[in-house]
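All remarks here apply to the structure that follows.
The values are calculated or read from the model by the stated rules, or taken from the named source; none is laboratory data. Computed from a predicted structure; not experimentally measured. Positions of Cβ are generated from backbone atoms using ideal geometry, with glycine treated the same way; all protein chains shown enter the neighbour counts. Calculation scope for accessible area: heavy atoms of the full protein, side chains included, ligands and nucleic acids excluded. Shrake-Rupley method; radii C 1.70, N 1.55, O 1.52, S 1.80 Å.
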Amino acid sequence: MPELSGAGDAGSRERCEACAGSSDRSLSPRALLGRAFSGVLATPAVAVRAVAWLLLWEVAELTCSPAIAFNTTPTDAGIRATCSEIILRQEVLKDGFHRDLLIKVKFGESIEDLQTCRLLIKQYIPTGLFVDPYELASLRERNITEAVMVSENFNIEAPNYLSKESEVLIYARQDSQCIDCFQAFLPVHYRYHRPHSKDGETFIVLNNPDLLMYCDQEFPILKCWAQSEVTAPCALNSKDNCQWNNMKYKSVYKNANLQVPVGLTIHTSLVCSVTLFITILCSTLILVAVFKYGHFSL
């Protein structure tokens, strides 16, 4: 009986060490049991004590494991449920040298509580493209889009190799067909490129934009998306600036690649000759018509 009482006390100590994550394995019941039954000098008391310790060890493991799982699982699930992703999709519509850029943004959470928020898209225009500010003004008057050029002193007629990058701010509008979606529209145009020696086409990479959001009141969910603050006009025709949150999002496409046809250098002589011939011919016909049908008074 004293042996059994000692085994119970030692088992209690061993169970506490197991729950505390002790790294000491010198008193492992399994090791003691193996030593008890493998040795020829093992006594029945030692074997009984080893069996008791082994049973208490197993009970301690079963007691500690569910508690650990209960403490960690709800926390991870709560983080996943709160920090959902914002999905951005960038598409280039139409063909030819005049395209339309359509940007759609979908929130992972319902934005019924975010009606006081505004979404601003900062789009970077590469040197191979340009946006016509006069066209944007016309679209604003017709209430088609709300976009404004940030860059100034740039030439829309300049070729690709003489132009600079520009920036456009687009105030996105809520999609009428999707309660938690926004969309923005921007017309873009190709610039002329240098002719190539072999390949008759080139590519323009249109990078994903910056996604900015401003809310009149604070929402805890915004902390999952906000990365930094950016100063920008509060509205299209407003002179006041607001601190917009630069949001992180997941893009459906990494970047938009646009294919642009270009001339070939081997056609330079032919093109110049035909152009010069047509210019001289048209000028001659105009002069003949002027002298034949014109009325001159001295």
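Do you know which of the residues in the stretch 244-258 that are open to solvent by 90 Å² or more (accessible area, probe 1.4 Å) and part of a strand (DSSP E or B) is nearest to residue 196 (Cα to Cα)?
The selected residue is 257.
For the stretch 137-195, give me the residue count where each residue is open to solvent by less than 90 Å² (accessible area, probe 1.4 Å) and outside any loop (DSSP other than H, G, I, E, B).
Of the residues in the stretch 137-195, 26 are open to solvent by less than 90 Å² (accessible area, probe 1.4 Å) and outside any loop (DSSP other than H, G, I, E, B).
If we keep just the residues of the stretch 110-135 that are under 22 Å from the mean Cα position of the chain (by Cα) and modelled with pLDDT under 90, which is nearest to residue 156 (Cα to Cα)?
Looking at residues that are under 22 Å from the mean Cα position of the chain (by Cα) and modelled with pLDDT under 90, I get 118.
Every residue in the stretch 206-228 that is outside any loop (DSSP other than H, G, I, E, B) and open to solvent by 70 Å² or more (accessible area, probe 1.4 Å), please.
If the condition is that a residue be outside any loop (DSSP other than H, G, I, E, B) and open to solvent by 70 Å² or more (accessible area, probe 1.4 Å), then 220, 223, 227 are the ones that fit.
Any idea which of 279, 231 is in contact with a Phe, Trp or Tyr (Cβ under 8 Å, 6 or more places away or on another chain), surrounded by fewer than 17 Cβ atoms within 10 Å (Cβ to Cβ) and without any contact (Cβ under 8 Å) to a residue 24 or more places away in the chain? Quick ask: steps written out before the conclusion?
Numbers: 279 fails: in contact with a Phe, Trp or Tyr (Cβ under 8 Å, 6 or more places away or on another chain).
Exactly one of 279, 231 is in contact with a Phe, Trp or Tyr (Cβ under 8 Å, 6 or more places away or on another chain), surrounded by fewer than 17 Cβ atoms within 10 Å (Cβ to Cβ) and without any contact (Cβ under 8 Å) to a residue 24 or more places away in the chain, namely 231.
For the stretch 186-201, check the following and say yes or no: at least one residue is more than 17 Å from residue 98 (Cβ to Cβ) and modelled with pLDDT of 90 or more.
No, the stretch 186-201 contains no residue that is more than 17 Å from residue 98 (Cβ to Cβ) and modelled with pLDDT of 90 or more.
Within the group 291, 296, which residue is modelled with pLDDT under 90, open to solvent by 50 Å² or more (accessible area, probe 1.4 Å) and part of a loop (DSSP other than H, G, I, E, B)? Give the derivation first.
On the way: 291 fails: part of a loop (DSSP other than H, G, I, E, B).
Answer to the selection: 296.
Can you tell me which residue within the stretch 196-205, out of those that are not acidic (Asp, Glu) and not in a loop (DSSP other than H, G, I, E, B), is surrounded by the most Cβ atoms within 10 Å (Cβ to Cβ)?
If we take residues in the stretch 196-205 being not acidic (Asp, Glu) and not in a loop (DSSP other than H, G, I, E, B), then 204 is surrounded by the most Cβ atoms within 10 Å (Cβ to Cβ).
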